[in-house]
Amino acid sequence: MVYASPQGLQMFGERWDRIVAERGAQAALYLADGRATTFRQLDAEARALKPAGEQVLVQGDVPQILRQLLAGFLHGVPVQLVEKDRDRRIPACPTPAGAALIKQAVGGSGVRRCQFFTFNQIAADVDRLHAALDLGSRGAGVAAISCAHSLGLTMTVLQTLFNGVPTCHAPQPFAQPLMDAMKHHPRVFLPGVPALWKAWLKGGVNFDNISLAVSAGAPLTLELERLALEQHGLKIHNLYGASECGAVSWDETPDLREDGRDLGTLLPGVQAETDAEGRLTVTSSSVGLGYDELLQQEHYGAGVFTTSDLIELRGNRLLFQQCVGAGINVAGRKLSPAEIAEKIMRAAQLDRVEIHGAPSRDPERCQDIVVELDLPQAEINAALKITACSLLAPWEVPRQWIGRS
């Protein structure tokens, strides 16, 4: 069995034991109906979960993820985080020594792979956000987005496990379930992606008890930021990062940004530069160990990660230009063109399908999926589309269909 490093395991164990000793009777997890699980209860439940294999599969809703993560961490067994609507990817290489967390994500490259992290790398990202965003004084972190998404993971459940910040579980990211979850708390902080912020702002959500609003995963437009400020008195802070390296920069200002490309300033302890092509290269203590499969000319590991994003650096401030990777960003969810193409070919029994992203008319959606088929346009009818999409998740369905013969 591959175990996390003794030093990292001891570090986490000591932190967690201190949290339980100091806050044992306090709430670690709030459910939408106001019921709570204390830190002491969470500790007992996690210790009773005995990992049976070389890895712990962490998948499900927020309560399941929190318990499974803690169980793996306490027993020193690497945990693999998988979206509840995804199949697990078996890593293509042995788990590196010292790895405590395995993410599987598409990212900017457009290729679904596993990423490995040590306890120290996880803690570096969690603590950096905890300090810079002052999360210890913000109340409970609302888990409205998936905790298998890097933003939801680091801003909520990992803050609970590493810093004792309670997590509030919102079972659905829609307006009414979100308000039902938040109404029990005097102060909460809320991370989300621009598409969700748009829905919340237009859905009549009461933001009176929100101490901090954070947006990441896709570009935050000035129009949406202005809407929040003018109609709700709410400043949405733009946060930028990547699953491979954690948070990189954030806009800490209380006022409307002057430039929609503005990703804020580098977080403490993060260094950045651009390569010859203009892609951002990040150096920090939260950069992971690497992928299970490395593509040609990629740089990931040893504290350095080169993104797929073209970024303009103005001192410590980052301005987003464009993503040059093959990944498709649909409302903050990164999708693999190859995976979508394979499902369509299998469902419709087609020999060749090409998938790519195109700018969406809805800026909060970010990109639309475009499919090109070796068929006359007239043959791409409703019946074909229904068949071709039968194996796709709703967010994988193309919005543009192009024939090429």
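The values are calculated or read from the model by the stated rules, or taken from the named source; none is laboratory data. Fair warning: this is a prediction, and the values are worked out from it, not measured in the lab. Here the Cβ is made from the backbone with ideal geometry for all residues, glycine too, and neighbour counts use every protein chain on show.
One table, with the values for the structure above:
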item	result
Selection count, the range 294-313, where residues are at pLDDT below 95 and acidic (D, E)	1
Flag for V165 being outside any loop (DSSP other than H, G, I, E, B) and either out of contact with any His (no Cβ under 7 Å at 6 or more places or on another chain) or farther than 26 Å from G269 by Cβ (or both)	no
Positions within the range 212-253 being out of contact with any Leu (no Cβ under 6 Å at 6 or more places or on another chain) and of a type in the set (V, I, T), in sequence order	T221, I236, V248, T253
Strands (runs of 3 or more DSSP E) wholly inside the range 1-120 containing at least 2 residues that are of a type in the set (V, I, T) and assigned by TED's automatic domain parsing to the domain that holds V304	36-38, 56-58
Filter pass, G315 being surrounded by fewer than 19 Cβ atoms within 10 Å (Cβ to Cβ) and of a type outside the set (F, W, Y)	yes
Filtered residues of the range 356-394 (kept if surrounded by 16 or more Cβ atoms within 10 Å (Cβ to Cβ), under 23 Å from T221 (Cβ atoms) and aliphatic (A, V, I, L, M))	I369, V370
